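The values are calculated or read from the model by the stated rules, or taken from the named source; none is laboratory data. Since the model is a prediction, treat every value here as computed from it, not as a measurement. In this analysis, Cβ positions are derived from the backbone assuming ideal geometry, glycine residues included, and neighbour counts consider all displayed protein chains.
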Amino acid sequence: MTKADIVEKIAEKCGVTKRESIDMVESVFSILKSTLEDGEDIKISGFGKFEIKKKHARKGRNPQTGEAITIDARSVLTFKPSTGKAGIGQHEWEYVRTPIVSYSFHGGNEACS
């Protein structure tokens, strides 16, 4: 599912225009992004928890040359699905780890007024 698919479904289910739906989706993503950038966790009941984890620098090896290298410290975004009746974690998912990527969000809060 893409962001465009989410926009389309919200417009259909909520009976709003596509423009209003775009503004709502952009606002939610903007809030989520800024919250994570501030180092705060996001816990959505019945869905899961997004958390920033710090990875320490460590020794590694270049797989092509075999040369020893140092892998820099970094932050990763982890997601743990909720478990229980209302949660999506009933599928016994493991943590989904994705390196933090900088996204650019446009739009305002007009749809939330």
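For A68, are the conditions met, namely being modelled with pLDDT of 90 or more, in contact with a His (Cβ under 6 Å, 6 or more places away or on another chain) and either surrounded by 13 or more Cβ atoms within 10 Å (Cβ to Cβ) or not basic (K, R) (or both)? Considered against the rule, which asks whether it is modelled with pLDDT of 90 or more, in contact with a His (Cβ under 6 Å, 6 or more places away or on another chain) and either surrounded by 13 or more Cβ atoms within 10 Å (Cβ to Cβ) or not basic (K, R) (or both), A68 comes out as no. Per this entry, T98 is not counted among residues that are at pLDDT 60 or above and of a type in the set (S, T, Y). Collect the residues in the stretch 25-62 that are exposed (fewer than 14 other Cβ atoms within 10 Å of the Cβ) and small (G, A, S), keeping them in residue-number order. S34, G39, S45, G46, A57, G60, listed by residue number.
Residues considered: S82, S104. Of these, the only one that is polar (S, T, N, Q), surrounded by fewer than 10 Cβ atoms within 10 Å (Cβ to Cβ), under 30 Å from C14 (Cβ atoms) and at pLDDT below 95 is S104.
Of everything in the stretch 32-55 that is within 11 Å of the chain's Cα centre (by Cα) and of a type in the set (V, I, T), the residue that is nearest to P81 (Cα to Cα) is I42.
Looking at G39, G60, G46, G66, just one residue is more than 29 Å from T2 (Cα to Cα), without any contact (Cβ under 8 Å) to a residue 60 or more places away in the chain and not in a strand (DSSP E or B), and that residue is G66. Condition first: over 19 Å from L77 (Cβ atoms), free of Cβ contacts under 8 Å to residues at least 12 places away in the same chain, in a helix (DSSP H, G or I) and aliphatic (A, V, I, L, M). Can you find one or more residues in the stretch 10-29 that meet it? Taking every residue of the stretch 10-29 in turn, at least one turns out to be over 19 Å from L77 (Cβ atoms), free of Cβ contacts under 8 Å to residues at least 12 places away in the same chain, in a helix (DSSP H, G or I) and aliphatic (A, V, I, L, M).
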